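Notes for the one structure printed next.
The values are calculated or read from the model by the stated rules, or taken from the named source; none is laboratory data. All values derive from a computational prediction rather than experimental measurement. Here Cβ is always computed from backbone atoms with ideal geometry, including for glycine, and neighbour counts include all displayed protein chains.
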Amino acid sequence: MSRLPVADRRAVRRALRELIVRDRRAVLVVLALHGAAAIAGLAPPWLLGTIIDRVTAGAGAATVDRLALAICGCVLTQALLSRYAQYAGHRFGERAVAHLREEFVRRTLGLPVSVVERAGSGELAVRSSIDVSTVGTTVRDVVPTIVIASLQLTLLFGAIFLLHPLLGLVALAALPSIWAVTRWYLRRASSAYLAEGAAAAELTETLTATAEGARTVEALRIADDRIRHGTARIARLWATRRATLALRTVFFTVVEASYPLPVAAVLLVGGYLFSRGMVSLGAVAAAALYLQQAIEPLDRLLQWTEQAQRGLASFARVLGVGLVASEPPGTAATSRGDRLVVRGARFAYAAGHDVLHGIDLDVRPGERLAVVGPSGAGKSTLARLLAGIDAPRQGVVSIGGCPVTDLDPAERRRRIALVTQEHHVFIGSVRDNLAFAAPDASDDEMRSALRTVGADWYAELPDGLDTPIGDGARQLGAAEAQQLALARLVLADPHTLILDEATAALDPTTARRTERALAAVLTGRTVIAIAHRLNTAHDADRVAVLSDGRITEIGSHHELVRADGAYAALWRSWHAEAPGGATR
């Protein structure tokens, strides 16, 4: 099931009520217009019954023409009222959906980074797109339709009771079967649609991960495994959709079969009452027309009830994002100094499976520390602990004597920046993308940051900082996007920088030039570089070798090479394979 929580029914009803209350004046206008339209719609069947009675009594063509003209006026009035009611309803719905989208974005941005990563891109992508869109349809179309259809049915059946109470009772003949199948459907629909939403999220996550890791899939020759994995997710989604389809099949079949029953019953009973002189022929015809007219709102009510189940399930998933505890504000506003210290740190992603074992590390202010080691050694996990994204299971990670996770998040991000090889180009101009890091930065400062990270492509942009980039505009390559991310880092100007293979997307020559440029700019700042290219380690003040979640060696490059340990072996192996030999 979902890796993010799902709101319960009480929370969904409360949130829906709050959406309506926020714009209650518009809701009242919509209900008033639709109510007036429904009342106008009651007149034509009654007038038609009156025509029948008048003609039976010997009335002439003038009476029929007059009543027919009144029918046309009522139909036109109903059409105009319905049109303005729908217009007002859609305006209300769009305002409600806009508020909902803004709330979802706000709640998502307030999630801790660790929660977002555990949830996966597929889960959040489905909730932010499909689920929000479904809720939008529900708020804009479904809820008003259900309310209005219910009002129309109440008025229509009330009109039949006014014609004759016995006709009104007979008109309810189909309600028991419709009520029973609707109750049967509603008991099963919510869980079925939640399962369908979760299956869609899993499939999206699988397809996204496979597409993003296409090169790895090809390199490791695991395409068949990914295909099997994706096929299994497709099969699960197909099974959940078949389950909801089976519910709809039973529901709509019983409902559609129930529609003719009350019309036939009213005609039979009405004919009997007419033969006894208890009701006029026009009243029987009007009652039959009212029932025929009731089929359309009843059909809309039941069909949109099915859509409402989708909407409520999606609403529960959207609201579930807000159930995740926001990142705690922190118990310390600032720390005393910039010394980063790790003592006895242990960390596990799953209970009982530590990936870091008793890490001890002391990073002096202004020091450049490189962390190297084989894949899976725990380098990125250590970077997350140093940045305060995750807290150690045991031990402590502190800066200036204050635990990193106790700092206020805004203060922590101002002082410690983690840059990974993952990056994002936002839709907008180059200036927009850089302003995320420093909203008050001048154009000269932005250009300087781009030059600092070796973004030579900037000079070729047709509109400079105003050049649109991202989807639908100028596309940046992987290296260009990474340099843009590093330029943001220069503008953010943190004291402690953690680079988790931040130049991995660059070719060796560009990466080397960028690393040298960064080194010149970041003088005096603490830099911790998770390195896969050992030239980064060569330039560092100290190198920490991580293996199986433990620091096995620490010292300068030359000290570790002389020690002839694990680092020396890595250096010799990498140096021998590097193009150009010793020149690298």
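Quick rundown of the values:
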{"read-out": "Entirely in the stretch 374-460, the helices (runs of 4 or more DSSP H) that have 1 or more residues that are at pLDDT 85 or above", "value": "379-387, 430-435, 443-452"}
{"read-out": "Strands (runs of 3 or more DSSP E) within the stretch 521-563 that include 1 or more residues crowded, with 23+ Cβ neighbours inside 10 Å and of a type outside the set (S, T, Y)", "value": "526-530, 542-547"}
{"read-out": "Filter result for A125 (surrounded by fewer than 19 Cβ atoms within 10 Å (Cβ to Cβ) and in a helix (DSSP H, G or I))", "value": "yes"}
{"read-out": "Candidates L172, L194, L220, L163 - the one that is in the same structural domain as L124 (by TED's automatic domain parsing), of a type in the set (A, V, I, L, M), in contact (Cβ under 8 Å) with a residue 60 or more places away in the chain and surrounded by fewer than 18 Cβ atoms within 10 Å (Cβ to Cβ)", "value": "L172"}
{"read-out": "Residue list for the stretch 346-378, filter: farther than 23 Å from R393 by Cβ, small (G, A, S) and buried (at least 21 other Cβ atoms within 10 Å of the Cβ)", "value": "A370"}
{"read-out": "Search result, residues across the stretch 80-94 that are in contact (Cβ under 8 Å) with a residue 40 or more places away in the chain and more than 33 Å from the chain's Cα centre (by Cα)", "value": "L81, S82"}
{"read-out": "One residue from A171, A149 being assigned to a helix (DSSP H, G or I) and more than 19 Å from W304 (Cβ to Cβ)", "value": "A171"}
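Yes/no matrix, rows are residues, columns are (1) under 38 Å from the mean Cα position of the chain (by Cα); (2) at pLDDT 85 or above; (3) not in a helix (DSSP H, G or I):
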| residue | (1), (2), (3) |
| --- | --- |
| D65 | no, no, no |
| L76 | no, yes, no |
| R107 | yes, no, no |
| L155 | no, no, no |
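Conditions tested, residue by residue: (1) over 30 Å from D53 (Cα atoms); (2) aliphatic (A, V, I, L, M).
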| position | (1), (2) |
| --- | --- |
| V217 | yes, yes |
| A246 | yes, yes |
| V250 | yes, yes |
| V254 | yes, yes |
| P260 | no, no |
| V269 | no, yes |
| R276 | no, no |
| A285 | no, yes |
| R300 | yes, no |
